[in-house]
Structures are given as C-alpha cells and as structure tokens.
Amino acid sequence: MTNAKEISKGIVKAVITLCLIAAGLYLIYQITDIFLYIAFALILSLIGSPIMRFFKKKLRFNKIASVLSTMFIFLLAISGFIFMFIPLFTTQAENLAVLNTHQLQDSFNNLLLQLDTFLDSKGFSLDKILDASEISSKFNISFLPNLLNTIIGTLSGLGIGIASIFFITFFFLKDQAVLKYQFKKLLPKPHSNQILNSIQKINNLLSRYFVGLILQMTIIFILSLIVFLSFGVKGALMIAFLCAILNIIPYIGPLIGNILGVLFTMMSFISEDFTTVVIPKAISVMIAMFVIQIIDNSINQPVIFSNSVKSHPLEIFIVVLASGMFTGIFGMIAAIPIYTCIKVIGKEFLPNNKVVQILTKNL
C-alpha cells in the first residue's frame with residue numbers, strides 16, 4: 001500500500017514537473033521577441049561603448065551626456081536609414097522585380113534563353129548541359145525576394161521593437177558599473193573576478209569586431225554602388241545593399257553577392273544586344289567585383305577578423321569553415337564572436353593549458 005502511494009506521488013510529481021517545464025517553454029516562446037530585443041541592445045551597447053568612451057575621454061562629457069550623445073548618433077543613423085533609404089530600396093526592388101518571385105524567375109529564364117542562343121552560335125548547347133545536370137529544375141532564386149521582403153518588412157515594422165531596443169541599450173550603456181556590481185553578487189566568490197575579467201575582455205573585443213563589421217559593410221556598399229552606377233545597372237542601390245548584407249556571411253556570402261551582381265547586371269540589359277552589350281557589361285562588373293573582394297580580403301578582413309579579435313586569419317578560416325559544416329550559414333555568422341568568447345574564457349580559467357596558451361598568446 002505504501003509503495004502504491006509513493007508511486008502515485010512520484011507520478012503526480014513527474015506530471016507536475018513536466019507541466020511546469022512545458023509552461024516555462026511556452027512562456028519563453030511567447031516572449032522570444034524580448035530576448036531578441038536584449039540581444040540587439042547588447043550588440044548596440046557593444047558598438048556604442050567606444051563612442052561613449054570618446055565623448056567621455058576626448059570631449060570631457062559626463063556619463064549621462066556621453067550616453068545621450070551616443071544614443072542620439074544611433075537615432076540619427078537608424079532614422080536616416082529608415083526614412084531615406086527604405087523607400088529607395090523598395091522602389092528599386094520593385095524596378096528589379098525582386099519583390100515579385102515569379103517575375104524575377106521569368107527574367108532569369110529569359111536570360112538563360114538568350115545565353116543559350118549565344119552559346120549555340122559558338123557551338124555549345126546550354127539546354128543539353130542543363131538537362132544533363134538538372135540545374136534548371138533545382139535552381140530556385142525565390143530565396144532572394146524572400147530575403148529582401150523579410151529585411152524590408154522587419155525594418156518597416158519594427159516600431160515598438162526599435163523603441164524597446166533603444167530603451168534597453170540606454171540602460172546597458174548608462175548602468176554598466178551597476179549591472180557589473182549586481183551581476184558580481186550572483187557569481188561564486190572564488191571565480192567572480194575571473195568571470196568579470198572575461199566579460200570585460202569579451203566586451204572590448206566584440207565592440208571592436210562589431211564596429212569593424214559595420215565599417216566593412218559600409219565600404220563594400222559604397223564600392224559596389226560605385227561599380228553598378230558606373231556601368232548603368234538598374235537598381236544599383238538595391239544590388240549594392242544586397243552585396244553588403246551578404247558579405248556578413250564569411251567567404252560564401254561575397255561569392256553569392258558577386259554572382260547576384262553579375263546576374264542582375266545581365267538582367268538590367270536584357271533588352272539590349274546580348275553579344276555586344278550584355279556580355280561585356282557582365283564581364284566588366286565581374287572583374288570590378290573581383291577587385292572589390294581583393295581589397296576586402298587584403299585590407300578589410302585582416303583588420304576586422306584578425307586585429308579586432310586577436311586571431312590569425314588561418315585560425316579564423318578553420319573556425320568559420322567548421323561552424324559552417326556543423327551549423328550552416330548562421331553558424332558561420334556567429335562563429336567569430338563565439339570563438340572569441342571561448343578563447344577569452346579559456347585564457348582566464350585555463351592559463352596553464354598549452355593549447356590555450358598557443359591560441360591566446362595575442363590576447
């Protein structure tokens with residue numbers, strides 16, 4: 001009898017526990033946006049930290065004035081982007097038919113038809129190549145308008161999200177010392193200093209990384225825009241924006257951006273003579289985009305990925321490649337920040353480990 005009661009209590013306890021876990025997971029799912037706001041606010045605070053230090057140390061502003069000045073810069077940048085660029089992006093995207101998947105696919109199919117005619121005149125058959133490899137049936141560029149629609153829809157519909165992110169960012173910047181003090185109370189005393197030192201180093205490194213990443217995207221955007229405007233490509237602003245966004249994805253993103261740039265260039269002149277206009281324009285843009293990538297890889301990449309996070313380029317390449325194999329594109333994007341955190345923590349808690357010493361000698 002006693003065993004039956006204990007079993008019954010155990011079952012009831014297990015059911016209650018499972019219900020509480022389910023309720024907790026459901027609650028977390030419902031407030032996912034809050035975690036996203038906190039994540040964006042954290043990134044903004046990392047970007048804003050060096051700006052705030054500049055106001056405090058160079059211009060002698062007090063803390064509140066420094067924070068408000070930093071937030072004002074963010075507000076100007078985001079407001080200018082939304083009110084000046086979003087309408088331009090939307091208009092140019094419509095001109096490119098990027099917002100219309102079927103129209104974009106039709107334009108691409110028309111391009112393939114003209115390319116087939118051109119290759120036939122040279123003794124090649126594009127139809128046979130495509131039929132043999134089944135590329136035409138597998139190649140679907142619907143991801144492009146979906147990506148663009150998501151970006152534009154998110155930016156135009158943020159509203160409360162932007163206000164929430166700014167509110168959280170303000171207190172992240174203003175109360176850094178208070179948050180650090182309160183957080184220290186929650187830490188186990190034997191390791192509190194090590195954890196806080198790790199957090200401080202991570203903040204400094206990731207601040208430099210995100211600032212550098214924004215600078216890199218800006219440079220890619222400006223150079224790509226100059227190229228597309230120079231060759232008279234329709235929707236130059238939109239294509240340059242896509243190239244800059246895709247450049248966030250290490251190694252693969254720039255390649256995809258270059259391919260899309262060439263494709264959009266060819267589709268921009270689809271009504272012109274294919275041999276004398278479309279092909280020369282496409283080759284010229286391809287060469288120009290290749291030059292931009294050389295500049296990015298030889299100047300931007302070492303400064304951002306090596307100097308900002310204190311890691312060797314080969315080390316970064318292996319980490320990004322491994323992350324892409326296991327977790328895909330999002331893993332590649334997050335690989336460098338996560339790896340930087342792991343290195344800092346390893347240096348702080350395992351300073352005598354030989355592998356850690358080799359990997360963190362520049363930290």
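The values are calculated or read from the model by the stated rules, or taken from the named source; none is laboratory data. All values reported here derive from a predicted model rather than from experimental measurement. Reconstructed Cβ throughout: ideal geometry from the backbone, glycine too, with neighbour counts over all protein chains shown. The area values use the complete protein model at the heavy-atom level, side chains included, leaving out ligands, DNA and RNA. Shrake-Rupley method; radii C 1.70, N 1.55, O 1.52, S 1.80 Å.
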Packing-wise, with mean Cβ within 10 Å as the measure, how do 54-66, 231-243 rank, highest first? 231-243, 54-66
What is the sum of charges around residue 360, taking Lys and Arg as +1, Asp and Glu as -1, for the other residues whose C-beta is under 13 Å from the C-beta of residue 360? +4
Along region 333-348, what does the Karplus equation 6.51 cos²θ - 1.76 cosθ + 1.60 (θ = phi - 60°) give for ³J(HN,Hα), rounded to whole Hz, x for Gly and Pro? 5, 8, 4, 5, x, 5, 4, 4, 4, 5, 5, 5, 5, x, 5, 6
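Output the pairs from 189/343; 310/354; 174/354; 174/361 with a Cα-Cα distance over 29 Å in this structure; if there are none, say none.
Details: 189/343 22 Å; 310/354 18 Å; 174/354 39 Å; 174/361 33 Å.
In this structure, 174/354; 174/361 lie more than 29 Å apart at Cα.
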Of all accessible heavy-atom area on region 224-363, the percent that carbon and sulfur account for (1.4 Å): 75 percent
Determine the distance separating the Cα centre of region 35-55 from the Cα centre of region 216-291; give it in Å without decimals. 32 Å
